[in-house]
Amino acid sequence: MLDPITIGILGLVVLFVLLILRMPVGIAMIVVGIGGTWVLSQVVPFVRFVPYLRQFKSLLWENVANYDLSVVPLFVLMGYIAAEARLSSDLFKGLEALMTRLRGGVAMAAVAACGGFGAVCGSSLATAATMGRVALPELRALGYDPRLASGALAAGGTLGILIPPSVALVIYAIIVEGSILKMFQAAIIPGLLAVAGFILVIAIQVRVNPALAPTPKPMDPALRRVALTRLVPVIAIFGAIILGLGFGLFTPTPAASVGVFVITVYGFLLRWRTGEGLNFAGLLRAIRATAITAGMIYLILFGAEVLKGFFTRTGLPQALSEWAMMSGLDPMLVLIIMLLVLIVLGCFMESLAMILVVVPFFWPTLITLNGGEFATAETAAFGMDNESLKIWFGILALIVVELGLITPPVGLNVFIISSLAKDTPMSTVFRGVMPFLGAEILRVGLILMLPALTLIVPRLIGG
């Protein structure tokens, strides 16, 4: 007869198989959670299946009515309205006007625009798709090598998952019962490092091989003036949201509400003045897309709660923590193994699903390795208390999830850019992202060695 831990392991295997077969993430979690609990109820006397099912009537409501989660549809709506108002195009064109005199400057502008748009979008896949449609035709028309153009956009798209406000950061903070605001603050320096690192990678590539980018040409003064004029309000709106959240001037939900209102008003004003911007049809498209996306996210969250109930009954998370303690492995080595697992899973799974499935296993194990629930900086294995560990691990986890989005053989961002650049083979896109992948690995190593890069902003602002 199977024991509960074996049933839990089999349930995990079935879940990953269903995800690889492209079953919707929320449905896969619910199927494994309910099916696994039914199997448990047949072999474990104290597991009752019917009471387990009865909790769903309140569980779903508790997920949807959670105030902390109200920020998710608002941030999603903000990103869709920004795209409909063509703020992504204005951001790219304005940054292009600033960097056009540099060799590779338009590719650098595309990366910087990905960072800026990712700040209001909060989704790596949406950032890659939106900025790919905006910047890829421009890069190709100017004569950029397809490898550099597609690689820069696929890598730049990953910035959407980390730079605040980020939906993934919100979900992570809720899972580990951490502060959403502190997670946003902790992501500021690593996010800026990513943008700077990607721009540096482009600069080095075009310096080593000038054929990758055309000779810089000055932009027409009239076009440059228009681009810079339209860049100013976009930078003001995006910057106010990022800095306001980062420095604790307002909390996430009011920030998202104000962001939606300001971007909507600006989009309509832009339409009235220039004929380009947001109209009522675009607003309805944004609302409809938000409803679909938010519904998907809430279904995934509900599925994660169903799945968590199953795994808790199997005792698998506790067994993993006990194994890590008894193995004698160095805690830092265990952390690195966890990050490698996240990179591998990121090749096949959507980032939000991966965080919901994996973090509930990894986080209790890290607490145990760090010295238990009451660990202090003086006694902890990682040299920091659990609150600091929560922030540090969260940023590291999201960075390596980014890595998975551009890692062969199934980097999701690479698929998106390849579908937009139909004449560019996927192998070319993968070759193009390799230098950026190297920069990301260096960033992970830097943050592993210097946790202060993630902790300094929350500590300075929080006192």
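The values are calculated or read from the model by the stated rules, or taken from the named source; none is laboratory data. Because the structure is a prediction, the values reported are computed rather than measured. Ideal geometry is used to build each Cβ from the backbone, glycine not excepted, and the neighbour counts take in all protein chains shown. Calculation scope for accessible area: heavy atoms of the full protein, side chains included, ligands and nucleic acids excluded. Shrake-Rupley method; radii C 1.70, N 1.55, O 1.52, S 1.80 Å.
Going through (1) over 29 Å from the mean Cα position of the chain (by Cα); (2) under 24 Å from residue 358 (Cα atoms) one by one, residue 50 falls short only on (2).
Inclusion of residue 9 among residues that are within 20 Å of residue 356 (Cβ to Cβ), open to solvent by 70 Å² or more (accessible area, probe 1.4 Å), of a type in the set (A, V, I, L, M, F, W, C) and touching a residue at least 60 places away in the same chain (Cβ under 8 Å) is warranted.
Could you please find all residues in region 334-361 being without any contact (Cβ under 8 Å) to a residue 60 or more places away in the chain and in contact with a Pro (Cβ under 9 Å, 6 or more places away or on another chain)? The answer is 361, and nothing else.
For region 57-83, the set of residues classified as of a type in the set (Val, Ile, Thr) and within 17 Å of residue 266 (Cβ to Cβ) consists of 81 only.
Filtering region 263-319 to residues that are among the hydroxyl-bearing types (Ser, Thr, Tyr) and in contact with a Lys or Arg (Cβ under 9 Å, 6 or more places away or on another chain) leaves only 274. Looking only at region 444-463, filter to residues that are small (Gly, Ala, Ser) and farther than 20 Å from residue 197 by Cβ; which one of those is modelled with the lowest pLDDT? Applying the filter and picking the extreme gives 463. Listed by first and then second residue, the pairs with beta-carbon distance under 7 Å, at least 6 apart or on different chains, first residue in region 406-435 and of a type in the set (Phe, Trp, Tyr), second open to solvent by less than 60 Å² (accessible area, probe 1.4 Å), are 430/408; 430/414.
Within region 322-332, the set of residues being open to solvent by 10 Å² or more (accessible area, probe 1.4 Å), part of a helix (DSSP H, G or I) and of a type outside the set (Asp, Glu) comprises 323, 325, 326, 327, 331, 332.
Against the list (1) more than 18 Å from residue 79 (Cβ to Cβ); (2) surrounded by fewer than 16 Cβ atoms within 10 Å (Cβ to Cβ); (3) at pLDDT 85 or above, the condition residue 271 fails is (2). Considered as a group, the residues in region 198-223 that are within 28 Å of residue 399 (Cβ to Cβ) and not in a helix (DSSP H, G or I) include one that is modelled with the highest pLDDT, and that residue is 209. Scanning region 111-147 for residues that are of a type in the set (Phe, Trp, Tyr), under 24 Å from residue 252 (Cβ atoms) and not in a helix (DSSP H, G or I) yields a total of 0.
Scanning region 274-305 for residues that are among the β-branched types (Val, Ile, Thr) and closer than 21 Å to residue 234 by Cβ, we see that the one that is modelled with the lowest pLDDT is 274.
Given the conditions (1) crowded, with 23+ Cβ neighbours inside 10 Å; (2) within 16 Å of the chain's Cα centre (by Cα); (3) over 22 Å from residue 413 (Cβ atoms), report the number of the one that residue 234 does not fulfil. Answer for residue 234: the failing condition is (2).
Residues of region 107-133 being open to solvent by less than 10 Å² (accessible area, probe 1.4 Å) and closer than 19 Å to residue 206 by Cα, which ones? Of everything in region 107-133, those that are open to solvent by less than 10 Å² (accessible area, probe 1.4 Å) and closer than 19 Å to residue 206 by Cα turn out to be 107, 109, 110, 111. Screening region 390-435 for residues that are open to solvent by 10 Å² or more (accessible area, probe 1.4 Å) and of a type in the set (A, V, I, L, M) and picking the one that is modelled with the lowest pLDDT gives 410. Which members of region 333-345 meet the condition of being surrounded by fewer than 18 Cβ atoms within 10 Å (Cβ to Cβ) and within 20 Å of the chain's Cα centre (by Cα)? Correct list: 336, 340, 341, 344.
Taking into account only those residues within region 96-105 that are in a helix (DSSP H, G or I) and in contact (Cβ under 8 Å) with a residue 40 or more places away in the chain, which is most open to solvent (accessible area, probe 1.4 Å)? Per the stated criteria, the residue is 98. Which residues, counting only those in region 188-230, are under 26 Å from the mean Cα position of the chain (by Cα) and either hydroxyl-bearing (Ser, Thr, Tyr) or open to solvent by 80 Å² or more (accessible area, probe 1.4 Å) (or both)? Listed by number, the residues that qualify are 192, 200.
Of all residue pairs spaced 6 or more apart or on separate chains, those with beta-carbon atoms under 6 Å, a first member in region 295-315 that is aromatic (Phe, Trp, Tyr) and a second member that is open to solvent by 40 Å² or more (accessible area, probe 1.4 Å) are 298/64; 302/60. Of all residues in region 412-442, count the ones that are part of a loop (DSSP other than H, G, I, E, B) and within 21 Å of residue 161 (Cα to Cα). Residues that pass the stated criteria total 0. When region 32-91 is filtered for residues that are of a type in the set (D, E, K, R) and open to solvent by less than 30 Å² (accessible area, probe 1.4 Å), only 90 remains.
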